[in-house]
1. Where q = 0.14, 0.22, 0.28 Å⁻¹, what log10 of I(q)/I(0) comes from the Debye formula for segment 126-175, counting one point per Cα?
2. Taking 0.36 nm per residue of sequence separation and subtracting the Cα-Cα distance, how much length would be gained by fully extending the chain between D219 and L264, in nm to one decimal?
3. With each pseudo-label sitting 7 Å past Cα toward Cβ, what's the S76-A319 distance in nm, one decimal?
4. I need the per residue convex hull volume for segment 187-278, using only the alpha carbons, in cubic angstrom as a whole number.
5. Net charge around P135, counting only other residues with Cβ within less than 12 Å of its Cβ (Lys, Arg = +1; Asp, Glu = -1)?
6. Could you run the Karplus curve 6.51 cos²θ - 1.76 cosθ + 1.60 with θ = phi - 60° over segment 171-180 and give me ³J(HN,Hα) per residue in whole Hz, x for Gly and Pro?
7. What list of ³J(HN,Hα) couplings, whole Hz, do you get for segment 315-328 from phi and the Karplus terms 6.51, -1.76, 1.60, once you set θ to phi - 60° and write x for glycine and proline?
8. Among 126-137, 222-233, 193-204, 259-270, what's the highest-first ranking by average C-beta atoms within 10 angstrom per residue?
Amino acid sequence: MPTKLNNLKLTNRVEIEENEWHFLFNGLPLRKFGQSMKIDKKTIENSFRSLQDGICTALSKSDGIGVFKEDLWDRSGGGGGRTRIIQDGAVIEKGGVNFSAVHGQLPENISNALQVEDKEFYATGVSIVIHPKNPMVPIIHMNIRYFEISESTWWFGGGIDLTPHYIVDKDARYFHQELKQVCDQHEANYYNRFKEWADNYFYNQHRKETRGIGGIFFDRLGNNEQLSKEQLFDFVMGVGNAFAPIYTHFMNSNRDLAFGDKELLWQNIRRGRYVEFNLVYDKGTKFGLETNGRIESILMSLPKNAGWEYNFEVEPNSAEATTLSKLVKGKNWV
């Protein structure tokens, strides 16, 4: 049975400071940025779990009336997770903040694609997609994950990207500046490197347009990187901790902006393009389906409503046309 999150006792919290991050999870010591600590898969799993708690708390508070419901699930092949869904809130129409930690045997096609011989895998992560009611509030996605085949074969991956229904330059600059600040705290070239990766990844090839204004995307950050495992973990948690303040900023600043039927139609068109990307190109969706993942959790990224108008064309010089003109790779927002 689903459990209302507000009935759970949440002692976990996530705090963000100007020059450091720290998180506190039940029964484990406080870890501060740069502090030495052994990083193993259990530490990563516990901190991802704690991050989910903090983000759900922040989103619920900013929404005002929305309540997360939780499904605890087990994977038949090993492991499980916590799916948390919020629907019909004051700001959020549908959103999901998922945590999972799974293990088992890799299907042959996945092990071949990853070019690994060992079939045993472990993966944990937090995955988030938020679809707002108001078309002036953007869609947001974030995912951070850790994948391990053995003690010597492991990597981090993830990303965060913003999909405004209407692109506002000021909002786009704010989003990218926040991401650049996170990246710059860990490696000077990360923002430019991972922004380009995001531009190429979050791209609807069949539409010849980016999914939104991009963000950062990274994958297979492991022994091939100059940073140590501990430093990479710091970076990944920095990305995770940036999510709540970034998105609650947009929730609070855009929630009361006016819109009408024209904007709702455009919102559904843009949601439709979002669905196309997730079902055709998204690696996380494909991995979940090919490893017998929980279908409700995998498809939580889809909106409650979306639209496809045949041969839809925007009016010249309209706000919709302006948005389309900015859905291109390589646009510099900072």
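Every number in this text was worked out from the coordinates using simple rules, so none of it is lab data. Predicted model only: the values in this text are computed from it and were never measured. Virtual Cβ from ideal backbone geometry, glycine too; neighbours counted across all protein chains shown.
1. Relative scattering, expressed as log10 I(q)/I(0), comes to -0.49, -0.81, -1.04.
2. Length gained, D219 through L264: 12.7 nm.
3. Between S76 and A319, the simple spin-label model gives 4.8 nm.
4. Output value, Cα hull per residue: 122 Å³.
5. Within the 12 Å Cβ shell, the charges total +1.
6. Whole-Hz 3J(HN,Hα) from phi for segment 171-180: 5, 5, 5, 4, 4, 6, 5, 5, 5, 4.
7. With coefficients 6.51, -1.76 and 1.60, one gets 6, x, 6, 8, 4, 5, 5, 4, 4, 4, 5, 9, 8, 10 Hz.
8. Packing proxy ranking, top to bottom: 126-137, 193-204, 259-270, 222-233.
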